[in-house]
Every structure is written in C-alpha cells, then in structure tokens.
Amino acid sequence: MRIDVITIFPDYLAPLELSLIGRARREGLVELVVHDLRVWTHDRHRTVDDSPLGGGAGMVMKPEPWAEAFEAVRTAGREQLGEHAQPLVVFPNPAGTPFVQDTAAQWSQREWIIFACGRYEGIDERVYEHLADQGYELALTSLGDYVLNGGEVAVLAITEAVVRLVPGVVGNAESLVEESHSQGLLEYPLYTRPASWTAPDGALREAPPVLLSGDHARIAAWRRDQAMERTARRRPDLLPDP
Ligand code: ADE
C-alpha cells in the first residue's frame, strides 16, 4: 500500500516512523511519503492561505498550491504503482462522514491513499470540484464530533487504524478478529495472571473462574454475554433496535 500525506506541518507525521507502522514501512508493507504543501507555492512568503471571500473570521487555504500538489503527487505515485493507479483522496474534516472500523477495513484494501490536511478554516471549495473533475475519488472524513486544529492528528489516527489491518502488519491476525468494533460490539473484559491478585489496598481480586475452566464453549459464551452487556451499557447506539 502507498500512502501520501500533504500538509504544511510535515513534522506532525513523525510518529508514523515508530512502532508497528514504522516497522511496516521498513518491511516494505507500506510506502508512506509526507509532502510539504509549501513546496508548491511560488512567492517569497510561501503563502498557502488568504482571507475568506465575502468576509468572516479566519483564513482559507488557497487553491493553487493544492492543485499543483495533487498533480505532482499523482505523477510520483503512478511512477511507483503504474499508470493505472487511482488514489483515494481523503480530506480529514469535521464536516465529513464518520470514520469507523468498517471504513478502516475497506481502506486497508486500497492500493493508494492520499491524505490532504486542511488547516485554518478550511480549503477553498473549488479544490474539491477540480479534483472530482480530474477523476480523483474523494472522501471527506471526520474522526468525531469535535474540532481539531487541522487534519494531521486525524491522519495519524486514520493511518494507524488502516495500516494495522493491512495483511502482515499485525503479527497475529487473530487478534484483529475479536477486538472492539470488529464485530459491531465492544470487546469483552480481559484478564491475565495472576488469577488471584492482591491489590495494593489489600483486597483480593479474582479473575472470573470461567476463564480457568478450560471449557472453550463456556468461555466463548461468557465473553459474548460480557461484550453484549458492556456494549448495551456504554454504547447502546451500536446495538440494533430491539
Ligand atoms: N479536522 C478538524 N477537525 C477534524 C475532525 N473532527 N475530524 C477530522 N478532521 C478534522
């Protein structure tokens, strides 16, 4: 999989060199290229924003650097992937459709994703129109119902959620099956040794005995019940209407 990120803060994406994602990059499972949008400016101040037409607070990102950036990034990507390659262009945006586990699963099967990080109040609307006219597939995607200062933090989260589902990135693929949201429920509670633990306050805290029973069918049923109960309590919106 190839991932390009276009941003005015390339350093924000440095954590993608760490841990699981960093290893996936070193092993060649994921090619990740971060681009500084200001490369595609031509004035002394490397200007990427201007005041909103019609007035109002804040600044709007200018269309010209974005159009040039997409042209250059598409060309570079196609040099690597071939002329047939079609990127999915993701604009993190609080006004986008919600990013959920199913989105991560679908995007993990993509050959190529370009993330475009908006800042300030947003990007000139004509950029979206232009890209759609140029045949790009666009997705405006929200991490949740709150406002961040820009798309970079959303790209960190989305990239981690997507890349860990790329085959080979997580060592034990089974661990992806039972985690929260993978089957529409929150995950059941987890325990490890010691089965009897004396907490610092002196209380004896026992793991549920069923987990020590060796009876796999009973354990599976208990976990299912726990997942249902937990989901009903914390996230009733995830359950189908009764
Ligand atoms: N950019 C600013 N806020 C955002 C959000 N909630 N989700 C995705 N991108 C954003």
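Tabulated results
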{"item": "Inter-part distance where the stretch 49-88 and the stretch 109-133 are each reduced to a Cα centre, Å", "result": "6 Å"}
{"item": "Fewest-first ranking of Tyr146, Tyr188, using other Cβ atoms within 10 Å as the exposure measure", "result": "Tyr146, Tyr188"}
{"item": "Cut-off under 5 Å, modelled amide H: who pairs with Val34 long-range", "result": "Val5"}
{"item": "MRE, 222 nm, helices only [DSSP H, n ≥ 4, -39500 (n - 2.57), over the chain, to nearest 500]", "result": "-9500 deg cm²/dmol"}
{"item": "Average silhouette area of the stretch 1-100, convex hull of alpha-carbon atoms, in square nanometres", "result": "8.8 nm²"}
{"item": "Sequence-distant residues sharing a close amide H with Asn93 (under 5 Å, placed H)", "result": "Thr141, Ser142, Leu143"}
{"item": "Local electrostatic count at Ser175 - Lys and Arg +1, Asp and Glu -1, tallied over other residues with Cβ under 12 Å", "result": "-3"}
{"item": "Cα shape, the stretch 137-242, gyration tensor, a/c 1.5 rule", "result": "prolate"}
{"item": "P(r) weight above 14 Å for the stretch 41-81, C-alpha pairs, percent", "result": "60 percent"}
{"item": "Residues with amide H under 5 Å from that of Thr41, placed H, sequence gap 5 or more", "result": "none"}
{"item": "Fewest-first sequence of Leu53, Leu16 by Cβ atoms within 10 Å of each Cβ", "result": "Leu53, Leu16"}
{"item": "Whole-Å semi-axes of the chain's equivalent ellipsoid (Cα gyration tensor)", "result": "42, 21, 17"}
{"item": "Label-point gap, in nm, between Val210 and Asp50 - each point 7 angstrom along Cα→Cβ", "result": "6.4 nm"}
{"item": "Coordinate range along principal axes, alpha carbons of the stretch 50-157, Å, largest first", "result": "43, 31, 20"}
{"item": "Cα-centre dipole for the chain with unit charges at Cβ (Lys and Arg positive, Asp and Glu negative), debye to 20", "result": "780 debye"}
{"item": "Asp241 versus Arg193: modelled label distance in nm, points set 7 Å from Cα along the beta carbon direction", "result": "5.0 nm"}
{"item": "Along each principal axis, Cα extent of the stretch 185-242, largest first, Å", "result": "42, 29, 13"}
{"item": "Selection of trypsin sites (Lys or Arg not before Pro), the stretch 19-126, meeting DSSP coil and at most 13 other Cβ within 10 Å", "result": "Arg44"}
{"item": "Approximate spin-label separation Glu129-Leu81, in nm, with each point projected 7 Å along Cα-to-Cβ", "result": "2.7 nm"}
{"item": "Pairwise FRET efficiency - Glu27 versus Glu111, Cβ, R0 = 22 Å, nearest 0.05", "result": "0.80"}
{"item": "Under Karplus coefficients 6.51, -1.76 and 1.60, residue-wise ³J(HN,Hα) of the stretch 144-153 in Hz, glycine/proline x", "result": "x, 8, 7, 10, 8, 7, x, x, 4, 5"}
{"item": "Descending Cα extents along the principal axes, the stretch 1-52, whole Å", "result": "42, 20, 16"}
{"item": "Ranked list, fewest to most other Cβ atoms within 10 Å of each Cβ, for Thr103, Thr192", "result": "Thr192, Thr103"}
{"item": "For the stretch 138-178, alpha-carbon Rg over 2.2 N^0.38 Å", "result": "1.45"}
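Values in this text are rule-based calculations from the coordinates and carry no lab data. Remember, predicted model here, so these are calculated numbers, not experimental data. All Cβ positions, glycine included, derive from the backbone under ideal geometry; neighbour counts span all protein chains shown.
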